[in-house]
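*Asks:* Input: one structure, supplied below.
Every number here is computed from the coordinates shown, using simple stated rules; none is lab data. The structure presented is a predicted model; accordingly, all values stated were derived computationally and were not measured. Reconstructed Cβ throughout: ideal geometry from the backbone, glycine too, with neighbour counts over all protein chains shown.
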Amino acid sequence: MFDIASSEFLLAALIALLVIGPKDLPNVLRFAGKWVGKARAVASQFRAGIDDMVRQAELKEMEQKWEAENERIMREHPMPAEDASEEPESKGGEPEQPLDNKDGKA
């Protein structure tokens with residue numbers, strides 16, 4: 001993330017030790033660690049919010065594509081007007097019987 005070499009980190013630690021002093025350095029590092037943790041939490045929440053917005057946009061786009069495809073299919077294969085309101089039933093008024101043999105006779 002910051003691309004700090006070990007020699008640069010050692011130099012920064014030495015300067016912090018000299019400026020802050022060995023007595024207060026643990027408290028300062030603890031304080032800095034808390035702030036870094038809070039910053040990471042905020043960044044994580046921000047990232048999660050952005051991911052959620054992207055997911056919602058993708059779902060909306062998929063719904064629009066699905067509706068357009070559904071409309072296209074319904075235009076290409078319209079249901080007959082008389083059968084559209086009724087349940088599909090067997091024609092002829094008699095219930096269908098399964099065929100018992102290979103000749104096609106009941």
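*Asks:* Using 0.36 nm times the number of residues separating residue 58 and residue 27, minus their current alpha carbon distance, what extension gain do you get?
*Replies:* Result: 6.5 nm gained on full extension.
*Asks:* Can you give the local net charge around residue 41? Use residues other than it whose beta-carbon is closer than 12 angstrom to its beta-carbon, Lys and Arg +1, Asp and Glu -1.
*Replies:* With Lys, Arg at +1 and Asp, Glu at -1, the net is +4.
*Asks:* Can you tell me the dipole magnitude for region 11-78 around its Cα centre, using point charges on the Cβ only (Lys, Arg +1; Asp, Glu -1), in Debye to the nearest 20?
*Replies:* The dipole of region 11-78 has a size of about 720 debye.
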